[in-house]
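Student: Dropping the structure in here first, questions after.
Read-outs throughout are calculated quantities, based only on the coordinates presented, and are distinct from any laboratory measurement. Quick caveat, the model's predicted, so the values are computed rather than measured. Glycine also receives a Cβ, built like all others from the backbone with ideal geometry; neighbour counts cover every protein chain displayed.
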């Protein structure tokens, strides 16, 4: 049994990487391995918006990540600096930056890059999906 | 230490190949699976089966087919992974 | 034992944010006292050109941060000799922050790393 963390940088709206990462996450969990944290960086953070609204016959990546993380108790962390740049914010950051709304899906948190380094140090494998 | 390179962009094949050591492996995923029809690996070469099937492709036989279970297992057989972006 | 981390720059700056975002990963990991190598290969060598002026595009110049790598504790910075030759660049056109390295030296750094990041 191994501990994994994932780094996801793929844009959820224009590339396959988020789909690949979800399939990889489901598979490693089904094999009895532990998924500690999924860290979203670069355009990968765009998946953390609860306002993502794909057509009803398409896969909702945000909801899929959220459901998987709740069922299997792992963390979904979006990098705060790149998330704020891309308009992904929680209520606290919105208030601090005088923004009129927030959109972070409740299954996700936003935090610093230190969470990526820490995941690296505490996992047997870190696999990137870009 | 051995490395599993994960390639998803066929345009970066040459770049990625330039750093492969003889004990390293290369796994083709996403759009890079088209290479499994065109080329032969110079070290251990694998291709993600689901991504081939999704595109209606077959490997030319010189790449080892891996499903997602095999993908996860591969990441543990090598000491680390490098996603070549 | 200190974990070894390599950051590979393989893209020219400003067309994408990857150089800037990789640099941020390197600086954060350095704060965790990891053993970090910054490797500049392929078009990544353009990250190190000396006279960048992205301010005329209203973009932030992150190349000045490369000059501070050592200050942040990132002691190994290598630039691919092959990549420079193919691009007709000389070391004198680059910021004086990275040592020229042959392909096998770069490969051996990657092989010895516990983690490798590209973007």
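Student: Rounded, prolate or oblate for the range A:3-129? Axes are the square roots of the Cα gyration tensor eigenvalues, ordered a ≥ b ≥ c, and the cut-off for rounded is a/c under 1.5.
Tutor: Oblate, because a/c is 1.5 or more while a/b does not exceed b/c.
Student: Between residue A:70 and residue A:91, what length comes free when the chain is fully extended (0.36 nm per residue of separation minus the Cα-Cα distance, one decimal in nm)?
Tutor: Gain in length upon complete extension: 5.5 nm.
Student: Mean 1/r over all different Cα pairs, inverted: what Kirkwood radius does the protein assembly as shown give, in Å?
Tutor: 20.6
Student: On C-alpha positions alone, give me the angle between the axis of helix B:68-77 and the longest principal axis of chain B, in degrees, nearest 10.
Tutor: Its long axis makes an angle of about 20 degrees.
Student: Select from A:80, A:38, A:47 the residue whose mean-square fluctuation is largest in a Gaussian network model of chain A (Cα-Cα springs shorter than 10 Å).
Tutor: Per the Cα network of chain A with a 10 Å cutoff, A:80 tops the list.
Student: Next up: Taking a virtual spin label 7 Å from the Cα of residue A:122 along the C-beta vector, which residues in the range A:44-86 bring their backbone nitrogen under 13 Å of it?
Tutor: It comes to A:74-77, nothing else.
Student: Follow-up. Pick from A:114, A:17, A:87: which is most flexible by mean-square fluctuation in a GNM of chain A where alpha carbon atoms under 10 Å apart are linked?
Tutor: In this elastic network of chain A, the residue with the biggest mean-square fluctuation among A:114, A:17, A:87 is A:114.
Student: Once you average over the residues of B:76-84, how many Cβ atoms of partner chains fall within 10 Å of each Cβ?
Tutor: That average works out to 6.
Student: Something else now. If you average the alpha carbon positions of the range A:74-109 and of the range A:13-64, how far apart do those two centres end up, in angstrom?
Tutor: That distance is 17 Å.
Student: Residue A:31 to residue B:43: FRET efficiency via 1/(1 + (r/R0)^6), r the Cβ-Cβ distance, R0 30 Å, to the nearest 0.05?
Tutor: For R0 = 30 Å, the calculated efficiency reads 0.75.
Student: What is the calculated FRET efficiency for residue B:55 to residue C:60, with r their C-beta to C-beta distance and R₀ = 45 Å, to the nearest 0.05?
Tutor: That pair, residue B:55 with residue C:60, gives E of 0.70.
Student: Here's something else I'd like to know. Compute the acute angle (0 to 90°) between the alpha-carbon long axis of helix A:61-72 and the principal axis of greatest extent of the alpha-carbon atoms of chain A; round to the nearest 10°.
Tutor: Tilt relative to chain A: about 50 degrees.
Student: Percent relative contact order of the range A:45-126, based on C-alpha pairs within less than 8 angstrom and at least six residues apart?
Tutor: Value for the range A:45-126: 35 percent.
Student: Treating only the Cα positions of chain B as identical point scatterers, give the base-10 log of I(q)/I(0) from the Debye formula at each q in 0.10, 0.11, 0.25 Å⁻¹.
Tutor: Listed by q, the Debye log ratios stand at -0.19, -0.23, -1.32.
Student: Take the Cα radius of gyration of the range C:1-111 and divide it by 2.2 N^0.38 Å, with N its residue count; two decimals is plenty.
Tutor: Against the empirical 2.2 N^0.38 Å value, I get 1.02 for the range C:1-111.
Student: Additional query: Who wins for biggest fluctuation among C:64, C:18, C:108 in a Gaussian network model of chain C, springs between alpha carbons below 10 Å?
Tutor: Per the Cα network of chain C with a 10 Å cutoff, C:108 tops the list.
Student: Give, to the nearest whole percent, the P(r) tail of the range B:37-85 beyond 12 angstrom, counting all Cα pairs.
Tutor: The proportion of pairs with Cα distances above 12 Å equals 67 percent.
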